[in-house]
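Structure first, commentary second.
Read-outs: derived from the displayed coordinates by stated rules, not from any lab. Since the structure is predicted, the reported quantities are computational estimates derived from the model, not experimental observations. Here the Cβ is made from the backbone with ideal geometry for all residues, glycine too, and neighbour counts use every protein chain on show.
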2 protein chains.
Amino acid sequence: MSSGKKERYQDSKLYRVRHSTAHIMAQAVTEMFPGEAKVAIGPPIEDGFYYDFDLPRALTPEDLEQLEKRMREIIASDFGFERKVLTADEARGLFKDQPYKIELIDGLEQGGLDEYGEPTEDAPEISIYTQDDFTDLCRGPHVENTKQINPDAIRLLNVAGAYWRGDENRPMLQRIYGTAWESAEDLEAYLWKLEEAQKRDHRRLGKELDLFTVSDEVGPGLILWSPKGGMVRKIAEDYCREEHEKGGYEFVYSPHIGKANLWETSGHLDWYKDGMYAPLDIEGQQYYLKPMNCPFHVMIYKSRTRSYRDLPIRYAEWGTVYRFERSGVLHGLLRVRGFTQDDAHLFCRPDQMPEEIDRVLGFSLHILRAFGFSDFQAYLSTRNPDKSAGDPADWEAPTEALREALERAHIPYEIDEGEATFYGPKIDLKLRDALGREWQLSTIQFDFNLPERFDLAYVGEDGQEHRPYMIHRALLGSMERFMGVLIEHYAGAFPVWLAPVQAVLIPIADRHVDYAQEQAVLMREAGLRVDVDQRGERMNAKIRDAQLQKIPYMLVVGDREQEAGQVAVRLRSGEDLGAMDVAAFIKQAQEAVESRSPALG
Amino acid sequence: MSSGKKERYQDSKLYRVRHSTAHIMAQAVTEMFPGEAKVAIGPPIEDGFYYDFDLPRALTPEDLEQLEKRMREIIASDFGFERKVLTADEARGLFKDQPYKIELIDGLEQGGLDEYGEPTEDAPEISIYTQDDFTDLCRGPHVENTKQINPDAIRLLNVAGAYWRGDENRPMLQRIYGTAWESAEDLEAYLWKLEEAQKRDHRRLGKELDLFTVSDEVGPGLILWSPKGGMVRKIAEDYCREEHEKGGYEFVYSPHIGKANLWETSGHLDWYKDGMYAPLDIEGQQYYLKPMNCPFHVMIYKSRTRSYRDLPIRYAEWGTVYRFERSGVLHGLLRVRGFTQDDAHLFCRPDQMPEEIDRVLGFSLHILRAFGFSDFQAYLSTRNPDKSAGDPADWEAPTEALREALERAHIPYEIDEGEATFYGPKIDLKLRDALGREWQLSTIQFDFNLPERFDLAYVGEDGQEHRPYMIHRALLGSMERFMGVLIEHYAGAFPVWLAPVQAVLIPIADRHVDYAQEQAVLMREAGLRVDVDQRGERMNAKIRDAQLQKIPYMLVVGDREQEAGQVAVRLRSGEDLGAMDVAAFIKQAQEAVESRSPALG
């Protein structure tokens, strides 16, 4: 969530409802295990809440049902939520049997941690909230009384393991996830979305459609792309590359490791070290796996003297970078340790900067639209006065250029005041997928820092050296993450232009195989990706398998089709287009490819 | 050199001539620095010889001239080369003022090292050779007397630094390179080739044509591809990819690091550790940069159950690997630390193996011919009885299949008996470039080892599990090395289809710029890579620069061309094709691209 959106959520009734429902759940759990339940933390989260417990046994689905029932009773009882401020000693007395709470109280007393044990700059009071006979250490806010919660709009979802304070050396707790909404309809809509999201889970589809593998032998967070997933990725890359070339980008290649002093010069070892892997030693020099491509593109810029006439220079690369993520947070293609950015760095004169930013934003939208996305939301992060490179006055022009580009592009945007990285203002572009989920993919970042650190220059019309401006940008962001989003957006049913197999020919009997093979050759010559299913299975089984594989076109071939030089065309949605000449089918499929139409059933 | 070729060379007169000339040079050097010259080693090498000396001062080009003169005098004196066998003590007495020789004698005495300090399995006698009053520790062979050397066919070439025994902690010596031939004509031809090779040096051309950069800040042996070099590479990759797809290969992507236990299972940590970089630690697990792609392709194979109907499976990848090379041996694009293989692994049933090998060899030749190479030499390495995986009997069929494929392909081949790696027989395919230099690029290797180590299986028609055969192959080998060869082969004047800029439009005056720009747009729409040189330089300067940049077509545009809708076409060779309609030029250039003709001047 953006900082603005987060603030609005925290001010909302729904936030208080979820927070209070978490307390009610904790009450129900402590009643279920009297004297034995140790409570940890239970915050509201996006779309719901959770609460972590240390319990004498593992919870079952039946427990959740029973807890939900008890929660509805508590809600019906119309208890108020009473707030009280305590000293640390009073709080420790009150929670003397709750060791996790004691640890949180100590953290609050020493300062720097909030009641969830998270770092905070505030020095919060120690407060408790009580409903019925259940009291929790909590800063609030809550609803005034339980009646403000709709008992038909709550649901406990599942239980998952979670280490206390996320530390794998601390106890493993049971985390109950729940959700709460204002109306039963909202709850239903949310549950449908959850179920749909599970069906679309790219990890499941990745396996079913044989798109990619993650193997523990190779290492978590490292993706092995199977031929079909690799094909989709390559088509996406080829399309983007062509568009980049039309847009005046030049492609470079850079290595995956670089000397420590390169990363010292770039500053990554100062401010990004936690995201970098341990160095490796080569002949007494330390080298790091690259977490970013920028220093390499900078070195290519620096490999010659550049003149004002050479600018803008736009270096693009499918650059595979490696960034540290804890194994616990890795998630399919969406959060990985190695990923390929569709990265580019622009070097331009100050007078070229507004146009470059404008072009980049327009180009991002152009590319994302080609993949079937149309619902965008942008966030403009402005200077953090406490932490920023360059002269504050220098920030104004690029920030304004970013803002104007957003205005001209007519996409909704919010300003995240003070949320820029230290090196420059930026735009983050999010898109909403078919389920309305927001994904951050594109980023356009202005950089005051690297040109200075690498002493970049161009020779101006005046014969003097000047400092170029530098812009980082990635549009799809990471090919891995983008593919994850794409799989979920389309539920694996890729548009024809991206489908790894576009059509499968299904001969009804052995005597139709030769004809099917001949048509396949024609279709391949026309640039289509076509398989022939010549297994000894029945036609209906082949059609079902093709549908499961989400192949756009099934082309059934029997006696009649063979005699007429036709194929019987069926879409993966089940729609039957009837028999058509092979040439007509080829034309139709080619049109679907060229239009990049996402709509084919 | 292959082992067969090396043996033939060692038996040749030229080898003895060069060896003896090295001794004569050493005599001349010791005479030039009486009592001060310490001699190290001086073997014949391909096309010549060298000798390493420890001298009181650096040698100058004038010294080389004087040495050459003295060598001719020695040759004219008709001295014999006398051999004598000594005990180690006698030898130490004789060479008491020559510390390097003493070290070599100690090595000979202890065994395991030859008279060049290189490991050997023989236990050679300690022998000396004497001509005139110069005696050298030497195993021979030599010519009988100096008269057998043609004084008009010798030349000292240059001096370079070389560490004693290649160890950077030992003294730096002066190595004089020289050459010797049977006739003055042979010498001249060789010197011309040397000069031509210098002109074609891909490191020089890489800089001049802005193709790639190696930067000490990034690290030696790590290539930064500039846009123009990247373009050539990408065109080569795209062409190959398309051909691979036609040939039934499927493309995969794999990460650049993998867990230590993957490399243990594959065996790389046993037999290839010296070629691998130090591991890096991620959450207590060791990971290695990949030196090869095979284990990843194997893991993709293993990600599903495979049936006999699925085979052959052919996984291809432009896989970037990292292998340790000492910084002293790195050389431009030809010897690097990180490179991208056009790698593939084939998994097939035993009955499919001969056809697969046949196809792979034919495919290699097809690809290499497309890049303009036509002169091939193959080497078939057979089982080393002392070191081989699998049952010796199992080696017969694949070795025979490799041999038969070579026969059918009608390319000359030699058998390197016992030179196979332990894991299977292989074909190395070398090509000769425009200067007749031999380059090893393609390799086709049969592998008994990995299917066993990873327990690979497919389900046969009998419903049982069977072990598939596995073949490794890289055709261009490494994109870096191949590009180096390509640059030198074409002296940077790439054929039209590969040229990063195919044509440059040269407006004679400012009033022709708009017309030139319009034509450039038309040409780009036709798929050509075209620049407009709109600098304020004179036409001849622009033509000269375009020739230096080896751009295939220069299109001059003045009043006459502008009025007629034409361009005046000139080739980079200087040949003037006269004015032609823009459409006609486009057609001609497209034909040159499509034919991949290497011949355009």
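Summarised as an ellipsoid, the protein assembly as shown has semi-axes of 62, 38, 35 Å, derived from the eigenvalues of the Cα gyration tensor scaled by 5 and square-rooted, with the largest first.
When the charge dipole of the range A:533-601 is built from unit charges on Cβ atoms (+1 for Lys and Arg, -1 for Asp and Glu) and taken about the Cα centre, the candidate among A:555, A:536, A:578 whose Cα reaches farthest toward its positive end is A:536. Counting Cβ atoms of other protein chains within 10 Å of each residue's Cβ and taking the mean over peptide B:327-340 gives 1.
With the gyration tensor restricted to C-alpha atoms of the range A:502-585, the semi-axes of the equivalent ellipsoid amount to 16, 15, 13 Å, longest first. Looking at chain B alone, DSSP beta bridges between its own residues are antiparallel in about 85 percent of cases.
Please compute the net charge surrounding residue A:453, taking Lys and Arg as +1 and Asp and Glu as -1 over other residues with Cβ under 14 Å from its Cβ.
My count for the surroundings of residue A:453 gives -4.
Peptide B:224-233 is shielded by partner chain Cβ atoms: per residue, an average of 6 of them sit within 10 Å of its Cβ. Restricting everything to alpha-carbon atoms, can you work out Rg to Rh for the range A:377-457 with a Kirkwood hydrodynamic radius? My calculation puts Rg/Rh at 1.03.
Report the equivalent ellipsoid semi-axes for the range A:262-387 in whole Å, largest first, defined as the square roots of five times the eigenvalues of the gyration tensor built from alpha carbon atoms.
28, 24, 15
The calculated P(r) of the range A:45-124, using every Cα pair and 5 Å bins from 0, goes 3, 11, 14, 18, 19, 18, 12, 5, 0 in percent. For the pair the range B:74-136 / the range B:154-218, the C-alpha centres are spaced 28 Å from each other. The charge dipole of the range B:188-258, taken about its Cα centre with unit charges on the Cβ atoms of Lys, Arg (+1), Asp and Glu (-1) only, comes to about 120 debye. I need the shape label for the range B:321-369. Rule: rounded when a/c is under 1.5, else prolate if a/b > b/c, else oblate, with a, b, c from the alpha carbon gyration tensor. Prolate is the answer for the range B:321-369, as a/c is 1.5 or above and a/b outweighs b/c. Take the Cβ atoms of residue B:467 and residue A:207, set R0 to 25 Å, and the FRET efficiency comes out at 0.50. With a cut-off of 14 Å between beta carbons, the residues surrounding residue B:534 carry a summed charge of -3, where Lys and Arg count +1 and Asp and Glu -1.
Computed FRET efficiency, Cβ-Cβ of residue B:596 and residue B:430, R0 22 Å: what is it to the nearest 0.05?
On the way: r = 22 Å, r/R0 = 0.98.
Computed FRET efficiency for residue B:596 and residue B:430: 0.55.
A protection proxy built from the mean count of other Cβ atoms within 10 Å ranks the segments B:509-518, B:308-317, most packed first, as B:308-317, B:509-518. Averaged over the residues of A:257-268, the number of partner chain Cβ atoms lying within 10 Å of the residue Cβ comes to 3.
Taking the Kirkwood radius as Rh and the Cα radius of gyration as Rg, the range B:422-473 has a ratio of Rg/Rh equal to 1.26.
By the rule of a C-alpha distance below 16 Å, with chain neighbours fewer than 8 residues away ignored, the lysines paired with residue B:550 are B:199, B:207, B:228, B:542. Between rounded, prolate and oblate, where does the range B:337-476 land on the alpha carbon gyration tensor, with a ≥ b ≥ c its root eigenvalues, rounded for a/c under 1.5, else prolate if a/b exceeds b/c? Prolate shape, in that a/c is at least 1.5 and a/b is the bigger ratio. The alpha carbons of the range A:418-523 occupy a box of 77, 38, 19 Å along the principal axes, longest dimension given first.
Magnitude of the charge dipole for the range A:425-532, about its Cα centre and with charges confined to Cβ atoms of Lys, Arg (+1) and Asp, Glu (-1), is about 380 debye.
In terms of the Cα gyration tensor, with a ≥ b ≥ c the square roots of its eigenvalues, is chain A rounded because a/c is under 1.5, prolate because a/b exceeds b/c, or oblate?
In terms of gyration-tensor shape, oblate.
For the pair the range B:236-271 and the range B:23-59, the centres of their Cα atoms are 47 angstrom apart.
Where in the range B:41-85 is the amide nitrogen less than 19 Å from a point lying 7 Å along the Cα-to-Cβ axis of residue B:145? Residues passing the 19 Å test: B:71-84.
Based on alpha carbons, the Rg and Dmax found for the range A:458-601 are 21.8, 79 Å. Footprinting exposure proxy ranking of B:300, A:415, fewest other C-beta atoms within 10 angstrom first, gives A:415, B:300. Each part gets one Cα centre, and for the range A:461-532 versus the range A:398-438 those centres are 29 Å apart. Hull volume per residue, based on the alpha-carbon atoms of the range A:12-88 and their convex hull, is 127 Å³.
I want to check a number: in the range A:1-146, how many lysine pairs have alpha carbons closer than 17 Å, given a sequence separation of 8 or more or different chains?
Lysine pair count for the range A:1-146: 4.
For the range A:214-268, the pair-distance distribution built from all alpha carbon pairs, in bins 10 Å wide starting at 0, is 18, 24, 36, 22, 0 percent. Between residue B:576 and residue A:133, the simple label model (points 7 Å from Cα in the Cβ direction) yields a spacing of 10.8 nm.
With viscosity set to 1.567 mPa s at 4 °C, what whole-number translational diffusion coefficient in µm²/s follows for the range B:98-248 from Stokes-Einstein and a Kirkwood radius over Cα pairs?
Here the translational diffusion coefficient equals 62 µm²/s.
Output needed: percent of Cα pairs per 5 Å distance bin for the range B:191-316, bins running from 0 to the one holding the longest distance. Result, from short to long distances: 2, 8, 11, 12, 14, 15, 15, 11, 6, 3, 1, 0 percent. Helix-only arithmetic for chain B: the sum of -39500 (n - 2.57) across DSSP H runs with n ≥ 4, divided by the residue total, places the mean residue ellipticity at 222 nm at -11000 deg cm²/dmol.
Here the range B:283-322 is scanned for amide nitrogen atoms under 13 Å from the site 7 Å beyond the Cα of residue A:535 along Cα-to-Cβ, giving B:305-310.
Taking the charge dipole of the range B:277-431 about its Cα centre, with +1 at Lys and Arg Cβ atoms and -1 at Asp and Glu Cβ atoms, the residue from B:389, B:327, B:360 reaching farthest to the positive side is B:327.
Comparing the range B:180-226 with the 2.2 N^0.38 Å rule of thumb, its C-alpha radius of gyration ratio is 1.69 (two decimals).
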